[in-house]
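Written below as structure tokens is the structure these notes are about.
The values are calculated or read from the model by the stated rules, or taken from the named source; none is laboratory data. As the structure is a computational prediction, the values presented were derived from the model and not from experiment. Don't worry about glycine lacking a Cβ; one is built from the backbone with ideal geometry, like all the others, and counts go over all protein chains shown. Just the protein is used for accessible areas: all its heavy atoms, side chains included, with ligands, DNA and RNA removed. Shrake-Rupley method; radii C 1.70, N 1.55, O 1.52, S 1.80 Å.
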Amino acid sequence: MRIRMKFSKRGSLKYIGHLDTMRYFQKLMRRAGIPIAYSNGMSPHQIMSFALPLGIGDESVGEYADIELTGSVSSTDALAALAACSAPGIEILSFKALPDDAKNAMSSVEAADYEIGFTNDPDLSAFSTFFAQNEIVVLKKTKKSENMIDIKPFIFQYRVAEDRIFLRLKCGSVNNTKPELVMDAFYQYLGIDFDENLLKIKRLDLLTVNGQDFISLNDIGLEI
Amino acid sequence: MHLALTDQILKEVEKPARYIGGEINAIHKELCDAMIRFAMCFPDIYEIGMSHLGAQIIYAMLNEREDVWCERVYSPWTDLHKIMKEQKIPLFALESQDPVKDFDFLGITLQYEMCYTNVLQILDLSGISMFSADRNNDDPVVIGGGPCAYNPEPIADFFDLFYIGEAETGYDALLDLYKTHKMSGKFDRNEFLHEAGKLPGIYAPKFYQTHYGADHTLTSFKPIYEDLPHTIKKAVCMDLNDAPYITKPIVPYLKVTQDRATLEIQRGCIRGCRFCQAGMIYRPVRERDEKKLETLAREMLENSGHEEISLSSLSSSDYSALPELVNYLIEYAGEQRVNISLPSLRIDAFSLDVMRRVQDIRKSSLTFAPEAGSQRMRNVINKGLTQEDILKGAGDAFLGGWTRVKLYFMLGLPTETDEDLLAIPLLCNEIAKLYYELIPKEQRKGRVQIVASSSFFVPKPFTPFQWAAMDKREDFLRKAAFVNHAMHEQLNARSIKYNWHDASVSELEGILARGDRRLSAVLLYAYEHGALFDAWTETFHKEPWDEAFLKTGIDPAYYIHRERSTDEILPWDFIDIGVTREYLMREWEKAQNGVTTPNCRDHCNGCGAAVFGGGICYAH
Ligand code: SF4
């Protein structure tokens, strides 16, 4: 049976990197006695995959990992067992069985919601004029190349609150758009120096597409 | 949770998870006035420090006391070091994130000499006076322990106390004494240190005076108070089954060097290799009960979720119940999908069979530590491993499918000649040749891979070689070049790879290992001029050290290139490890004549460690 877990990563645990988070979960599964399935072969590993890496220093209340079980366990029991041996800061929020035809979290994720706070009070009222530009061209660096691209189509939604900005951004295997990239462009537009360490990024949820709509990855499975 | 470092800093530094604490099984306590706060420091980065078994045992042991809260401290890496110096941020302990300066004790474990500048960094960043003599009642009591405390003299001025021996037996008395002094309401640092100095295994260096003669050697070493002991006898934990152990290992977020549960199966070593300090200072050999180990293994794995367990000891093959233990672990591991790692196994039929069961032989390599190439040289160092043993083990392994062999050697051993050096490449070649003889062409998957590494021999206190002269850097490098050249001349040179390091670090290690109190000036100078993380190749710089010797007028040659006469007073002679000086002298003599000494299981050689009243000495 395939299971999707939603979890949060908050407080000082935002400094735990993606690979370390994965290792944390592997050990957590063992401590909690979750009947997780292992791969075959000489060095078997747990069948577990994460939706989308979270940057070091970013918090989240909407992370996802899919696992496969060999035995059965109810959502309530699993959540209790996981809570009993979790570190404060990583909380497992749901534990749901996936339908057989569901794609895994990593291949279904299409968008991410972010809340962005600031430590240096930029003028956020300018964000709407920034977004009203015809295109928002940034220099995107990958391991192999540097390209000028227009990221405006990848900003699906935004909302400016008093001291923070909410963004819904394209993510996944193509055109993955990080909030830092958008903010870098915004700061350039404002004409001020950009330092990503001054942002307070919190991921709110990960979403997939269902017909015309975005739905949360958490809406796919069912409690058991 | 409140963190000592700001978001800004944590986002700037490499691997911020080193500094946040909060791991699974880390211990948090409610503070109260009566609580003794103990900062337990491993003076290297988190990933190294968290991998150290001894420090974890002490952490578990101290926290078992309700009136003690022991927390962890590691060296900030150079990036954070710089920020902390610039912004004057005090060094903090991981659990509470409180400044170390607020603690009652700062305990520093001393595992290798090259961490000494890191010790100074810890004191400096904590805002504690460098010298014991300058500290006042508000400063934590700075106490050192671990193998380097067996010659504490080069760092004696920086410590208030040293704990000499195994931590399990004496900390209660020390903490009780501290509590009495603290609760009396009129704590006087010197009074406390003086009283502490009378406890078994505790050395209070500032109450001891040294005198040196015209030839710079020690002429006297004695306490300034009559009621302090002239010799400090090491503390030994004779019953390991009763001793505190880790049942809830802290689970680091970062991938640390030893990301696994560690089971200490025994302490000490029966072998008596003459270069090996651990083999002498941890005498006599004491085993943990096999059933006890089974329970500990289960507890540690269940409580941590680790997917690997490793056996720890100086020579696991000598543990008497090894087959039972390994069989149990293999069965348990099979159910729980735990990997087993078995370092320090001698290669023989049993170990090959076990290795075949626990690991993928295509990925694993065989490890031999002959330490020397020729039989003559191995007799000198009393390494009871013959060329026959090695070839037999390697041959069996080749037939069993192994194709990779690692060999460890030392260069610069006492009495070494070029012929002994030449024997190293010859041995490597023999092993390669054996592979090609045993494995028919059509069954080979490429070449056999032989990796030989050599380190430079550094004489250590409390070994039979404590009197020996150490080679000069030029000699070392010449020898390494000689061996390297000869490796290339071998018929099977293309199957052999040879590695060696620069000798500068070995020289420094040699100076500090057998150093005396005069070296504290050198250490301080080197630290203040940029020496830090000297154990790391990427951060080791020779210049501050060279300058430090010049500026302080201390001649390194005195410490390393000089053979000591056996009637010289050595800086560490005031420590009694049970093994007698006479025994070490006898061994030194035998070494020079190439005469070997049997191991403790076969025959007791009367080393003196029987005074502790247990262990192998009474198993005959
Ligand atoms: S007294 Fe004998 S058996 Fe005991 S450690 Fe010494 S040599 Fe070994």
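Observations on the structure shown:
- Top-ranked residue in segment B:249-283 [being modelled with pLDDT under 95 and open to solvent by 30 Å² or more (accessible area, probe 1.4 Å); ranked as farthest from the other protein chains (Cβ to nearest Cβ)]: B:R271
- Looking only at residues of segment A:182-207 that are within 11 Å of chain B (Cβ to nearest Cβ) and crowded, with 20+ Cβ neighbours inside 10 Å, we find that the one that is farthest from the chain's Cα centre (by Cα) is A:L199.
- Residue that is closer than 19 Å to B:R346 by Cα and in contact with a helix residue (DSSP H, G or I) (Cβ under 8 Å, 6 or more places away or on another chain), where the choices are B:D418, B:D389, B:D471, B:D396: B:D396
- Any hit, segment B:566-576, residues being within 16 Å of the ligand (Cβ to nearest atom) and more than 14 Å from chain A (Cβ to nearest Cβ): yes
- Condition check for B:E563: more than 16 Å from the ligand (Cβ to nearest atom), touching a residue at least 40 places away in the same chain (Cβ under 8 Å) and away from chain A (no Cβ under 14 Å): yes
- Within segment B:23-51, tally of residues that are more than 14 Å from every other protein chain (Cβ to nearest Cβ), open to solvent by 40 Å² or more (accessible area, probe 1.4 Å) and of a type outside the set (A, V, I, L, M, F, W, C): 3
- Looking only at segment B:1-22, and only at residues there that are open to solvent by 30 Å² or more (accessible area, probe 1.4 Å) and not in a loop (DSSP other than H, G, I, E, B), the one that is nearest to the other protein chains (Cβ to nearest Cβ): B:K11
- Residues of segment B:88-113 that are crowded, with 19+ Cβ neighbours inside 10 Å and part of a helix (DSSP H, G or I): B:V100, B:E113.
- Within segment B:250-271, the residues that satisfy the criterion of being within 17 Å of the chain's Cα centre (by Cα), within 16 Å of the ligand (Cβ to nearest atom) and in contact (Cβ under 8 Å) with a residue 60 or more places away in the chain are B:R267, B:G268.
- Candidate set from segment B:284-306 (those that are in a loop (DSSP other than H, G, I, E, B) and either β-branched (V, I, T) or surrounded by fewer than 22 Cβ atoms within 10 Å (Cβ to Cβ) (or both)); member that is farthest from the other protein chains (Cβ to nearest Cβ): B:V285
- The listed residue being at pLDDT below 95, away from every other protein chain (no Cβ under 13 Å) and at negative phi, out of A:G71, A:G62: A:G71
- Among the residues of segment B:606-618, those identified as surrounded by 14 or more Cβ atoms within 10 Å (Cβ to Cβ), over 16 Å from B:L584 (Cβ atoms) and more than 6 Å from the ligand (Cβ to nearest atom) are B:F612, B:G614, B:G615.
- Flag if B:H603 is at pLDDT 95 or above and either away from the ligand (no atom under 12 Å from the Cβ) or not hydroxyl-bearing (S, T, Y) (or both): no
- Restricting segment B:59-74 to residues that are out of contact with any Lys or Arg (no Cβ under 9 Å at 6 or more places or on another chain) and assigned to a helix (DSSP H, G or I) leaves a set whose member that is surrounded by the fewest Cβ atoms within 10 Å (Cβ to Cβ) is B:E64.
- Pair list, Cβ < 6 Å and 6+ apart or interchain, from segment B:409-424 residues that are among the β-branched types (V, I, T) to residues that are assigned to a loop (DSSP other than H, G, I, E, B): B:I424/B:G373
- The sole residue among B:D546, B:D502 that is open to solvent by 10 Å² or more (accessible area, probe 1.4 Å) and modelled with pLDDT under 95 is B:D502.
This table checks each residue for (1) within 27 Å of A:S49 (Cβ to Cβ); (2) touching a strand residue (DSSP E or B) at 6+ places or on another chain (Cβ under 8 Å); (3) in the same structural domain as A:I34 (by TED's automatic domain parsing).
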site: A:T119; (1), (2), (3): no, yes, no
site: A:F131; (1), (2), (3): no, yes, no
site: A:N134; (1), (2), (3): no, no, no
site: A:L139; (1), (2), (3): no, yes, no
site: A:N147; (1), (2), (3): no, yes, no
site: A:S173; (1), (2), (3): yes, no, no
site: A:V182; (1), (2), (3): yes, yes, no
site: A:F194; (1), (2), (3): no, no, no
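- Exclusive hit being more than 10 Å from every other protein chain (Cβ to nearest Cβ), over 30 Å from A:N175 (Cβ atoms) and open to solvent by 30 Å² or more (accessible area, probe 1.4 Å), set A:A78, A:A84: A:A84
- Restricting attention to segment B:351-379 and to residues that are in a helix (DSSP H, G or I) and touching a helix residue (DSSP H, G or I) at 6+ places or on another chain (Cβ under 7 Å), the residue that is farthest from the other protein chains (Cβ to nearest Cβ) turns out to be B:R376.
- Condition broken by B:Q87, with the remaining ones in (1) more than 14 Å from every other protein chain (Cβ to nearest Cβ); (2) closer than 16 Å to B:P252 by Cβ satisfied: (2)
- Given (1) touching a Lys or Arg at 6+ places or on another chain (Cβ under 9 Å); (2) more than 26 Å from B:N63 (Cα to Cα); (3) touching a residue at least 12 places away in the same chain (Cβ under 8 Å), number of the condition B:Y116 does not satisfy: (1)
- Matching entry among B:S320, B:S310 (being more than 14 Å from chain A (Cβ to nearest Cβ) and in a strand (DSSP E or B)): B:S310
- Residues of segment A:12-54 that are more than 10 Å from chain B (Cβ to nearest Cβ), more than 18 Å from A:S94 (Cα to Cα) and in contact (Cβ under 8 Å) with a residue 40 or more places away in the chain: A:L54 alone.
- Identity of the residue in segment B:591-600, touching a residue at least 24 places away in the same chain (Cβ under 8 Å) and open to solvent by 60 Å² or more (accessible area, probe 1.4 Å), that ends up farthest from the ligand (Cβ to nearest atom): B:Q592
- Pair list, Cβ under 9 Å, 6 or more apart: segment B:442-459 residue assigned to a strand (DSSP E or B), other residue among the acidic types (D, E): B:F456/B:D471; B:F456/B:E507; B:F456/B:E509
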